[in-house]
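See below for the structure under consideration.
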Amino acid sequence: MAAPRSWVLWSFCCRGWSRVLPSCRLPGLRSSWPRGPLGARPLSQEKRATETHFGFETVSEEEKGGKVYQVFESVAKKYDVMNDMMSLGIHRVWKDLLLWKMRPFPGTQLLDVAGGTGDIAFRFLNYVQAQHQRKEKRQLRAQQNLSWEEIAKKYQNEEDSLDGSHVMVCDINKEMLKIGKQKAHAQGYKAGLAWVLGDAEELPFDDDKFDVYTIAFGIRNVTHIDRALQEAHRVLKPGGRFLCLEFSQVNNPLVSRLYDVYSFQVIPVLGEVIAGDWKSYQYLVESIRQFPSQEEFKEMIEDAGFQKVTYENLTSGIVAIHSGFKL
C-alpha cells in the first residue's frame, strides 16, 4: 500500500489542470521507443507510453484531461462550500500563509494558475492594498498640512492603491472561471485583475512576463506535471518566483491513520450530500495519494530549471508550500 499523502480532510481544495486536447503526447515520444526485430514497437510499450492515472484508475493521457475537466465542471458551484466543510476552514489559513511567504512588492505581476474561483487572486489584491494603505498612513502622518480633499483623493483611487500590481488568473475550466468572476463582481474586485482561459501545460503568455507564479491545489491534476513546471519557468522573469501549495505526505502516524478513515469513508459522503457528486470527490481523494512526496516534487521543480528550491510542511505535512526561483 502506498504511503498516505496529505490528509484528505482538505482534499477538495485541489484543482483540475490537465490537457483537454488530444495532442497531449510529448513531441517525439513515439520515435524514442525501442523497436522489435521488424521495427515495430511492442504493444505493451505503446500502452505504457500513453497510460496515466486518474485517481486509482488507469486511463490514457487523452482521457485524463477530459475526465479532470468534467470533475471540476461538475463541482464548480459547490467548490468553495465544500472546501470549507471538509477543511473546517483551515484551507483559508494555508492560502494566507502562501501570500505571507510570497510577500509581493509594489508593482508585482502575478500569474495564478488553476485559480478559477479567485481565492489566491483576491488575497493578493487584499495584501497589496493593505501594504499600500499602511504606506499612505505613514506619509499622511508626516504631512499634517494636507487638506481634507487631498487626503480623500489618496484613498479613492483604486488603481493607485495597487501600486501597479496586477494578477492574471488562468484556468482551463470555464465553469471555475465563471464562478471566480461572479465572486469578484460580488466582492467588488475590479482593478488589477484579469481572467484568461488557458492550459497549465501550454500557457498563452510570452516568455519572461511575470514576477510570481502560483498554483494552489492544482498541479497534481495536470497530466504532465513536468511540462507544467517547464511552462512556469518559461513565463517567469529572471529572478521570478515559483510558489506551489499542494497536498503532500503526512509525517504523523496518528494523523495518517485518521486520514485513511476520513478520506475514504467521509469525504465522498460529504460530496454526495452537499454537491450531489460522489465520484468526483472519490477521485479527489485518490489523486492526493498519487502525488509525489515532498522530496520527489522538489526534484521535479529543480529538473524544470528552478534554483534555491525549498519546501515548508504545514499541519504535519498535510500540505506543503514549495518555492523556487528562476535565476
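The values are calculated or read from the model by the stated rules, or taken from the named source; none is laboratory data. Just so it is clear, the model here is predicted, and its values are computed rather than measured. Glycine also receives a Cβ, built like all others from the backbone with ideal geometry; neighbour counts cover every protein chain displayed. Heavy atoms of the whole protein, side chains included, go into the accessibility calculation; ligands, DNA and RNA do not. Shrake-Rupley method; radii C 1.70, N 1.55, O 1.52, S 1.80 Å.
Structure data summary
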{"quantity": "Residue 220 vs. criteria buried (at least 19 other Cβ atoms within 10 Å of the Cβ) and among the basic types (Lys, Arg)", "calculated": "yes"}
{"quantity": "Members of region 318-327 that are of a type outside the set (Lys, Arg) and crowded, with 18+ Cβ neighbours inside 10 Å", "calculated": "318, 319, 320, 321, 322, 323, 324"}
{"quantity": "Segments classed as strands (runs of 3 or more DSSP E), wholly inside region 230-327, with at least 3 members that are of a type in the set (A, V, I, L, M, F, W, C) and modelled with pLDDT of 85 or more", "calculated": "236-247, 319-325"}
{"quantity": "Tally, over region 229-273, of residues that are loosely packed, with under 14 Cβ neighbours inside 10 Å, of a type in the set (Val, Ile, Thr) and closer than 16 Å to residue 289 by Cα", "calculated": "1"}
{"quantity": "Residue list for region 93-118, restricted to those being touching a Lys or Arg at 6+ places or on another chain (Cβ under 9 Å) and under 20 Å from residue 315 (Cα atoms)", "calculated": "95, 96, 98, 99, 102"}
{"quantity": "Any hit, region 305-317, residues being farther than 30 Å from residue 206 by Cβ and open to solvent by less than 20 Å² (accessible area, probe 1.4 Å)", "calculated": "yes"}
